[in-house]
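The structure appears right after this line, and notes come after that.
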Amino acid sequence: MAQATQIIPLPTSKRQRRGVLAPVLGLIALAVCGLVVIGMVGSSVGPGGVLVGALCALLPVGPVVATFLWVDRWEPEPARMLLIAFLWGACFAALSALLINSSAVLVADEVLGRGNGDLFGTVAIAPVVEEAVKGSFLVGLLIFRRREFDGIVDGIVYAGLIGAGFAFTENILYIGRAFAEGAVVGQGSGVVAVLLLRGVLSPFAHPLFTVMTGIGAGIAARSRSVRMALVTVPLGYLLAVILHALWNASASLFGGTVFFMVYGFIMVPLFLAVAGVVVWQRRREQRIVIEQLPGFAQAGWIAPSEVPLLSSLAGRRGWRAAVRRGSGRHVEKAVSQYQYAVTELAFLRAKMARGSVGDSGMYWHEEALGKLRKARARAVGHPEGLTVAMRHRGHHNWTPPPPGPPPTVAIPPDAPPQSWPPRRR
């Protein structure tokens, strides 16, 4: 019996237009949310409070964002998606939380008595609402952009940037409020106290809460079962809410000794545990790339001399540094894009081997292989781009395949990494 041929869904002009238009409209919507947030915060703390709050909030956000970008080095996520994640937290999530929390506090005041709404909102309402609106971006990635979601590291990176964006806007509000209140009584120590608490002692608080949801989403992204997502994502969200509520309660209800006990015995160990998970998962990502590279060389997609250089971040950095010294930063950029294309294809093939991609996996493979070939063609166009590896690793007579459309391939979902691709004939 003849085997049925799987139809690969090809992109249409309508899909391509939608793929360009959707991010643009999304950025515009986030910008509008940001303007509304600035207006609401300005009406509360005044223009001076917004200015001082924004300047002070910039101090911690830089190192926090840089940390998550450093984590995301094996397969850097698209810069556009990382920007949208940050703006989602800073604009949409902040605006949604501000509106919902304010409304809930008014209702709580009526039910619990005047003056009790703020405390109830801080401890019980804010964690539930804020972690929901922040985590909704991760759920959206799982549903609509699953290709950009490779696992736990991606979940941590996206969640961390969302939390960093949210904390940035929240810091503007709290620091601006301290400035406005200090201006009334003629004191400026409140700004310094808030900046030390939120910018020095706990700059990773909001990112750490949302990372719990990100880890749950990352586990779901690696699984072929939809049921896994229905378990891990809610569990991650629940843990994020509990940690957020505990943090708020320790600061609002108890303060002093209790706050520092929660900080020292729960938050710091949890932060170190997440750092351990990052190290573990990055080593796993390295193993994925190492397993795939010999097959790439057998197929002629990369040079055999490049395998050891592509197998570690240190090797890749050394390669780029040698190219930069010899030919400049524009050639280094071409080699960097080539390295990224190799990693992207390796991750995709690993996901296909696990069976965690759907019917679009075949088309994604064709597209990723095409990107690799184009990236190699651009790098080959620079004399120093790819010859550095050959000079230092041998294989002087190897000739890269000519650029062109990727061959039609059919990868069995259960094929082990080393059995594919077949040798070129």
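Numerical summary
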quantity	calculated
Single match in GLU366, GLU344 (criterion: farther than 29 Å from GLY160 by Cβ and of a type in the set (Asp, Glu))	GLU366
Long-range neighbours under 9 Å by Cβ, at least six apart or interchain, first residue closer than 21 Å to GLN286 by Cβ within the stretch 311-329, second open to solvent by 20 Å² or more (accessible area, probe 1.4 Å) and of a type in the set (S, T, N, Q)	SER311/GLN286; SER312/GLN286; LEU313/GLN286; ARG316/SER336; ARG320/SER336
Flag for HIS206 being closer than 27 Å to ALA164 by Cβ and open to solvent by less than 10 Å² (accessible area, probe 1.4 Å)	no
Qualifying residue in the stretch 332-343 (condition: touching a Gly at 6+ places or on another chain (Cβ under 7 Å), aliphatic (A, V, I, L, M) and free of Cβ contacts under 8 Å to residues at least 60 places away in the same chain)	yes
Exclusive hit being in contact with a Gly (Cβ under 8 Å, 6 or more places away or on another chain) and modelled with pLDDT of 75 or more, set VAL32, VAL45, VAL37	VAL45
Residues of the stretch 150-179 classified as acidic (Asp, Glu) and open to solvent by 20 Å² or more (accessible area, probe 1.4 Å), total	1
Enumeration of residues in the stretch 328-346 that are under 19 Å from ILE288 (Cβ atoms) and either open to solvent by 10 Å² or more (accessible area, probe 1.4 Å) or among the charged types (D, E, K, R) (or both)	TYR340, GLU344
Residue match in the stretch 289-311 (condition: of a type in the set (Ser, Thr, Tyr), surrounded by fewer than 18 Cβ atoms within 10 Å (Cβ to Cβ), at pLDDT 90 or above and out of contact with any Leu (no Cβ under 7 Å at 6 or more places or on another chain))	no
Residues being out of contact with any Asp or Glu (no Cβ under 7 Å at 6 or more places or on another chain), more than 13 Å from TYR174 (Cα to Cα) and not aliphatic (A, V, I, L, M) - total across the stretch 49-77	9
All positions within the stretch 211-235 that are out of contact with any Leu (no Cβ under 7 Å at 6 or more places or on another chain), in a helix (DSSP H, G or I) and in contact (Cβ under 8 Å) with a residue 40 or more places away in the chain	VAL211, ILE215, GLY218, ILE219, ARG222, VAL233
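Residues are listed down the side, and each one gets a yes or a no for (1) farther than 30 Å from CYS56 by Cα; (2) touching a strand residue (DSSP E or B) at 6+ places or on another chain (Cβ under 6 Å); (3) among the hydrophobic types (A, V, I, L, M, F, W, C):
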{"residue": "LEU195", "(1), (2), (3)": "no, no, yes"}
{"residue": "PHE204", "(1), (2), (3)": "no, no, yes"}
{"residue": "PRO234", "(1), (2), (3)": "yes, no, no"}
{"residue": "ASN248", "(1), (2), (3)": "no, no, no"}
{"residue": "SER252", "(1), (2), (3)": "no, no, no"}
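The values are calculated or read from the model by the stated rules, or taken from the named source; none is laboratory data. Small disclaimer: the values here were computed from a predicted structure and weren't measured. We place every Cβ from the backbone using ideal geometry, glycine too, and count neighbours over all the protein chains shown. SASA here: full protein model, heavy atoms, side chains in, ligands and nucleic acids out. Shrake-Rupley method; radii C 1.70, N 1.55, O 1.52, S 1.80 Å.
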